[in-house]
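These notes are about the structure you will find just below.
Where a number appears in this text, it was derived from the coordinates with a stated rule and is not lab data. The structure displayed is predicted, hence computed values, not measured ones. So basically every Cβ, Gly included, is an ideal-geometry build from the backbone, and we count neighbours across all protein chains shown.
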Amino acid sequence: MPHEILITGATGFVGRHLVPILEQKGYTVRGLSRKDGDLASMALDFPGVEHVFHLAGRTFVPESWTTPKPFYELNVIGTLNILEFCKRQRASITIVSSYVYGIPERLPIREDHVVKALNPYGQSKIMAEELAQFYRCHSGLPLSIVRPFNLYGSGQDSRFLIPTLIRQFLDPAVVEVQVADLRPRRDYLHVEDFVQMLVRILETGRHGVFNAGFGTSASVEEIARMVRIASGHTTKPLVSRNEERNHEVMDVVADITKAREELHWAPQISLEQGIGHMVRSSQRELQT
C-alpha cells in the first residue's frame, strides 16, 4: 500500500476534506494548489511519491461556455503533466473526473454507458480520461477514474445550487428565493462520503472506472424544500425563473453497484442530513 501521496488541488473543495483524513491514517501527504503555480506547465519533482490523487481542475459549467480555454489548459494539459510525472515516478493515480454521460439512455447509469460531452467542461474531462487510459494502455500506468455525479458539502463554491439556496434562505434581505428551473433532478453525494470512497480505492488497490453517487436523485424543488425546512424560513417563497439550459439533462441516477462490490463502499450521509449540516454551519458563520 502506498505511504507517500501527492494530491493536486489539495486546497480545493475535495482536497480540504481528503488531506486530513489521509494524515489521520498515517500517510505522508504532499499537496499542490494554485498558489504553487500552473499545473499545466510546472515542473513536478516529488521523489518518494507512490500514489497521486488528481483533484485539480476547473469545475463550473456555465463559466466553461464563456471562457473555455482555461478549462482545457488545466483539465487536459494539467492532467497530461501529472500523468507524465506518474510515468517517471512509477506511481499509481486516481483521477477525479465528472459526470460524462450526457443525456442518459437509461437509469440508473452504469460505468459502461456511452460518454458524451454537453459542454466544454464535460469535454475537457472526457479528454482527460482518454489521456489517462492511453497512458494505462501504453505505459502500464495503474489507474483509477472516479466519476462523481454531484458533490456537495461544507466549503463548496458559493455558485453551486445548494450553497446558493442556503444563502438566499438565510439572508433576511432576500424576500424570495429564486432558481432557474425547479425540475432538473441530480444524484447528490456528500463530500465526506466521496472522500471515504477515495480512501477505499487507495486501501483496496483497485483500478478501473467507478461512479460516485448516492444512487437516487432529487429535483431542484426538493432540494429547496430541504433547505427551507433546515433553515426554519418556512414562509419565504420559492420562485422559478423557468430558464431551461441548452441540452439540459432532466434526471440522472448513478449505478454504484461496482463501487459497492469492489471497494466495499456505500454512502452514509443522506441528503437531508448533509443539507442540515451545511445550513447549521452557515448559521454559525453568520453569528460570528
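Quick rundown of the values:
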| read-out | value |
| --- | --- |
| Positions within the stretch 32-72 being within 19 Å of the chain's Cα centre (by Cα), β-branched (Val, Ile, Thr) and part of a loop (DSSP other than H, G, I, E, B), in sequence order | THR59 |
| Members of the stretch 95-128 found to be closer than 21 Å to PHE194 by Cβ, in contact (Cβ under 8 Å) with a residue 40 or more places away in the chain and either in a helix (DSSP H, G or I) or among the acidic types (Asp, Glu) (or both), listed by number | GLU111, TYR121, GLY122, SER124, LYS125, ALA128 |
| Strands (runs of 3 or more DSSP E) contained in the stretch 160-253 and holding at least 1 residues touching a residue at least 12 places away in the same chain (Cβ under 8 Å) and at positive phi | 208-212 |
| So SER219, is it farther than 19 Å from SER144 by Cα, buried (at least 19 other Cβ atoms within 10 Å of the Cβ), among the polar types (S, T, N, Q) and touching a Leu at 6+ places or on another chain (Cβ under 7 Å) | no |
| Breaking point among (1) of a type in the set (Val, Ile, Thr); (2) outside any loop (DSSP other than H, G, I, E, B); (3) out of contact with any strand residue (DSSP E or B) (no Cβ under 7 Å at 6 or more places or on another chain), for VAL146 | (3) |
| Matching residues in the stretch 1-27 - criterion: being without any contact (Cβ under 8 Å) to a residue 40 or more places away in the chain and touching a Gly at 6+ places or on another chain (Cβ under 8 Å) | THR11, VAL19 |
